[in-house]
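Chemist: To start, I am sharing the structure in question, which I have written as structure tokens.
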Amino acid sequence: MPSYNITELNRALEEGSCEEQSKVMRNICPCRSHVLDMPLWRKVFQAAHEPRTRVKAPAIHAIATLLRLAKKSQRWRAILKELSAELDDVFSDPEACRLLRQQIQHDAKSADGLTPAAHCKKLKRSVELNTPHELADWVNELLGLRLSEGVNPCHPGLIRLWRWHHHRIIFQPERGTDPNEFLKKARQWLPEYFRHANVDLRKMASVNQRPKIEKEIQTQEPPKIKPHEEAIDCLESSNTKRRVRGLKRLTEMKVPDLFDWCLLFMEDESRDVRVAALQGMIHCDEIDCSILMPLVESDDARIRAAATAALAKHDSQGAVRWFEQGLKDPSAAVRLETAALMGRLDRSANRSLFEIALHDPNPCVVRFARKSGT
């Protein structure tokens, strides 16, 4: 994505013509760039109240895109949290809120009888329980428990409940979560807290984070690629092998959000699941390499192997470094995982790497090098 001079962008928004301001709004929209400057984003939210449509429309589009991406990206979630007061101001502005909802849903009608403000606020809530700590606070408040006696954010069951909830928000946005269904999952994974709890289901209404999409809208838009229900069921399972199978299934399907799926399982309690998540990242179209860099020094050879291979494939600036590190690793597992990607290398430009692989004591590494060099 292009990079911009933040000072120039701020100047254009403050002093530029209507056309210049409109152009800046389009350029800094998250669908085109990764501009994270908070003063700049505050000006975007202020522009949402502009009477001039040419300035207001691109500002609303940028805010709607930010809301969508905040459901999947921690980076954009952090920006949105900082702008919570500004977002509330947009919700309070009937015209801005109406336009925002149109951008989000691409339809001027209200879904399920909701006002535009209510519809947008439901979307906003989808990022409020975005960490296990926040879900733990919500659960403890629901049960009336003090912090000292409530659910710990690190509780394995709480982590699983949060992951299940997060999957629903991100990957099944049209599917509502019934309070009874949420309560069933909570009792399954947090039995010591929910087994005998008398929960007011009306207080759990906020878990139904997503508005239902009207059928006529679905016919107007091209169908989105979604993970197979079987894969999702596997990922929600408490069985380690099933979660691994779910990740492998998504990798085979080449779903567009594969990196987001894998990222959700990087903190799984099972090493096998974490390894499967890292191996899935090797097959992603694009990843955040900074997340994997600490893992190439892991004491676990399988973690190290998958992380090194993913970096060798995706870190275009440092690929040679990662190939060399992987091929020189004392573990055969790491060398094999790295050698399997050598077909991506130009042999004439990377003779030293092929020499390392061709003299490896493991015949499989040698075979990969020979096959890649032909």
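The values are calculated or read from the model by the stated rules, or taken from the named source; none is laboratory data. Model, not experiment: these values are computed from the prediction. Here Cβ is always computed from backbone atoms with ideal geometry, including for glycine, and neighbour counts include all displayed protein chains. All accessible areas refer to the heavy atoms of the entire protein, side chains included, with ligands and DNA or RNA removed. Shrake-Rupley method; radii C 1.70, N 1.55, O 1.52, S 1.80 Å.
Chemist: In the stretch 258-275, how many are open to solvent by 10 Å² or more (accessible area, probe 1.4 Å) and over 18 Å from residue 162 (Cβ atoms)? Spell out the reasoning first.
Modeler: Let us first name the residues in the stretch 258-275 that are open to solvent by 10 Å² or more (accessible area, probe 1.4 Å), namely 259-260, 263-264, 266-267, 269-272, 274.
Filter again for over 18 Å from residue 162 (Cβ atoms), leaving 259, 271-272.
Final tally of qualifying residues: 3.
Chemist: Hey, can you tell me all the residues within the stretch 332-374 that are in contact with a helix residue (DSSP H, G or I) (Cβ under 6 Å, 6 or more places away or on another chain), surrounded by 15 or more Cβ atoms within 10 Å (Cβ to Cβ) and not in a helix (DSSP H, G or I)?
Modeler: Correct list: 340, 341, 360.
Chemist: State whether one or more residues within the stretch 218-226 are surrounded by 16 or more Cβ atoms within 10 Å (Cβ to Cβ) and modelled with pLDDT under 75.
Modeler: First pass over the stretch 218-226, keeping only residues surrounded by 16 or more Cβ atoms within 10 Å (Cβ to Cβ): 226.
Now restrict to residues that are modelled with pLDDT under 75: 226.
Yes, that holds for at least one residue.
Chemist: Please enumerate the residues belonging to the stretch 48-77 that are modelled with pLDDT under 85, open to solvent by 60 Å² or more (accessible area, probe 1.4 Å) and under 30 Å from residue 264 (Cα atoms).
Modeler: 68, 72, 74, 75, listed by residue number.
Chemist: Further question on the same structure: Evaluate the stretch 295-303: report whether one residue or more is out of contact with any strand residue (DSSP E or B) (no Cβ under 6 Å at 6 or more places or on another chain), crowded, with 20+ Cβ neighbours inside 10 Å and assigned to a loop (DSSP other than H, G, I, E, B).
Modeler: No.
Chemist: Just name the residue that is modelled with the lowest pLDDT out of those in the stretch 276-294 that are open to solvent by less than 30 Å² (accessible area, probe 1.4 Å) and in a helix (DSSP H, G or I).
Modeler: First pass over the stretch 276-294, keeping only residues open to solvent by less than 30 Å² (accessible area, probe 1.4 Å): 276-278, 280-282, 284, 287, 289, 292.
Going one step further and asking which of them are in a helix (DSSP H, G or I), we end up with 276-278, 280-282, 289.
On the way: 276: 94, 277: 93, 278: 94, 280: 93, 281: 94, 282: 93, 289: 90.
Among those that are open to solvent by less than 30 Å² (accessible area, probe 1.4 Å) and in a helix (DSSP H, G or I), it is 289.
Chemist: Within the group 268, 329, which residue is closer than 24 Å to residue 131 by Cα and assigned to a loop (DSSP other than H, G, I, E, B)?
Modeler: Details: 329 fails: closer than 24 Å to residue 131 by Cα.
When all the criteria are applied, what remains is 268.
Chemist: Okay, next question. Which numbered condition in (1) more than 24 Å from residue 260 (Cβ to Cβ); (2) charged (D, E, K, R); (3) modelled with pLDDT of 80 or more is the only one that residue 82 fails?
Modeler: (1)
Chemist: Another question, if that's okay. Could you tell me which numbered condition residue 80 fails, if it satisfies all but one of (1) under 24 Å from residue 12 (Cα atoms); (2) open to solvent by 40 Å² or more (accessible area, probe 1.4 Å)?
Modeler: For residue 80, the exception is condition (2).
Chemist: Follow-up question, since we're still on this one. Of all residues in the stretch 166-183, how many are more than 13 Å from the chain's Cα centre (by Cα), surrounded by fewer than 20 Cβ atoms within 10 Å (Cβ to Cβ) and at pLDDT 65 or above?
Modeler: 5
Chemist: Moving on to the next point. Starting from the stretch 326-351, take each residue that is over 23 Å from residue 284 (Cβ atoms) and list its partners that are open to solvent by less than 20 Å² (accessible area, probe 1.4 Å), counting only C-beta distances under 6 angstrom and pairs at least six apart or across chains.
Modeler: As it stands, the answer is 347/354, since those pairs meet every condition given.
Chemist: Among what's in the stretch 139-164 and is outside any helix (DSSP H, G or I) and either within 30 Å of residue 246 (Cα to Cα) or hydroxyl-bearing (Ser, Thr, Tyr) (or both), pick the residue that is modelled with the lowest pLDDT.
Modeler: If we take residues in the stretch 139-164 being outside any helix (DSSP H, G or I) and either within 30 Å of residue 246 (Cα to Cα) or hydroxyl-bearing (Ser, Thr, Tyr) (or both), then 148 is modelled with the lowest pLDDT.
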